[in-house]
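The values are calculated or read from the model by the stated rules, or taken from the named source; none is laboratory data. Owing to the predicted nature of the structure, the values given are computational and were not obtained by experimental measurement. Methodologically, a virtual Cβ is constructed for each residue, glycine included, from the backbone with ideal geometry; neighbour enumeration extends over all protein chains shown. All accessible areas refer to the heavy atoms of the entire protein, side chains included, with ligands and DNA or RNA removed. Shrake-Rupley method; radii C 1.70, N 1.55, O 1.52, S 1.80 Å.
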Amino acid sequence: PWAAYNWYQGNGLSTIEINTDTPRTRYDVMTSLAHEIYPGHHTELSIKELTAFKENDYLETSAQLLNTPMCMVSEGIAECAFVFLEETSNVVDSYIDPTEQNIAQGLSELRMGAWVNATFLLHKEGLGDKEAARYLGDVSLLPMDRAERSLGFHHGSLTKAYAATYWWGKKLIRECYENAKKQSKTHEFFMSIYTLPQIPSGLLKNWEQT
């Protein structure tokens, strides 16, 4: 049900699957690549395998489990990966027109918020699939067939509880990152999220605004 997926193979290797059923803008492609590969999932998993597991014996980093506190951190890193690229290199400017990017970014934020809301509408409010898809289509400007297909994620036994990790993970990592910038400690921040196992409460405590 994912738009793309990183199957980390170990020893610094990943297999990346891309779901080609869903049309994408150039911005979507760029953010997906950053999310799944660099500096997102592949970067985090390969570095933590070496530094946290092999060098420091954090056994919990030897497996990537769904629906754990670390998932919010991992998805938050991946969701902010494109932001990290934008602010630390000039590679993005040569590929995407700023106006196009602003529109695509706004639409992406809108769709993610509506997509998470659909989880609560289905599982907490008891809304039917058709009504939830209609909400998703109306709010996020998706064609009805795509809205209905995207709801499949919310019915999987493992994935239905996973949707919120993207929204809250991004909020978590972005807030900590902005606080690190204000303290001129972005290097320390990147070292902490990419080399050590983290949980949300620990990150918030370490990078709260001072």
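Calculate the dipole size of segment 62-154 relative to its Cα centre from +1 charges on Lys and Arg beta carbons and -1 charges on Asp and Glu beta carbons; express the result in debye to the nearest 20.
Result for segment 62-154 is approximately 420 debye, rounded to the nearest 20.
Ranked by the mean number of other Cβ atoms within 10 Å of their residues, highest first, the peptides 65-77, 148-160 come out as 65-77, 148-160.
The alpha-carbon of K205 sits under 15 angstrom from the alpha-carbons of these aspartates and glutamates, leaving out residues fewer than 8 places away in its chain: E175, E178, E188. Over segment 77-145, the fraction of Cα-Cα pairs per 10 Å bin, rounded to whole percents and listed from the shortest bin up, is 18, 37, 25, 17, 3.
With angles folded into 0 to 90 degrees, how steeply does helix 164-182 sit against the dominant principal axis of the chain? Use alpha carbons for both and round to 10. Approximately 40 degrees, to the nearest ten. Taking every protein chain into account, the accessible area of the chain amounts to 55 square angstrom per residue (probe 1.4 Å). Here the gap between E86 and R26, fully extended at 0.36 nm per residue and compared with their Cα-Cα distance, gives a gain of 20.1 nm. Between M191 and S62, full extension at 0.36 nm per residue minus the direct alpha carbon distance yields a gain of 44.6 nm.
Helix content alone sets the calculated 222 nm mean residue ellipticity of the chain: runs of n ≥ 4 DSSP H residues at -39500 (n - 2.57) each, divided across all residues, give -18000 deg cm²/dmol. Placing +1 on the Cβ of every Lys and Arg and -1 on the Cβ of every Asp and Glu, with nothing else charged, gives the chain a dipole about its Cα centre of roughly 320 debye. For the chain, the longest principal axis of the Cα atoms and the long axis of helix 186-195 meet at an angle of about 80 degrees. Modelled spin labels at I16 and K181, positioned 7 Å past Cα toward Cβ, are 2.4 nm from each other.
Just the number, please: carbon plus sulfur as a percent of the accessible area of segment 1-76, 1.4 Å probe, no ligands or DNA/RNA counted. Roughly 58 percent of what the probe reaches on segment 1-76 is carbon or sulfur. For the pair K130 and L204, what calculated FRET efficiency results from E = 1/(1 + (r/R0)^6), where r is the Cβ-Cβ distance and R0 = 35 Å, to the nearest 0.05? E(calc), rounded to 0.05, equals 0.35. How far is helix 98-123 tilted off the main Cα axis of the chain, in degrees rounded to 10, range 0 to 90? For 98-123 against the chain, the angle is about 70 degrees.
For the chain, the equivalent ellipsoid derived from the alpha-carbon gyration tensor has semi-axes of 29, 20, 18 Å in decreasing order.
Measuring how big segment 148-206 is from its alpha-carbon positions, Rg and Dmax come out at 15.0, 45 Å.
For segment 10-112, just say rounded, prolate or oblate: build the C-alpha gyration tensor, square-root its eigenvalues into a ≥ b ≥ c, call rounded for a/c under 1.5, and beyond that prolate if a/b exceeds b/c, oblate if not. Since a/c reaches 1.5 and a/b is larger than b/c, the shape of segment 10-112 is classed as prolate.
Which shape class applies to segment 34-88: rounded if a/c is under 1.5, otherwise prolate when a/b exceeds b/c and oblate if not, where a ≥ b ≥ c are the square roots of the Cα gyration tensor eigenvalues?
It is oblate, given that a/c is not under 1.5 and a/b is not larger than b/c.
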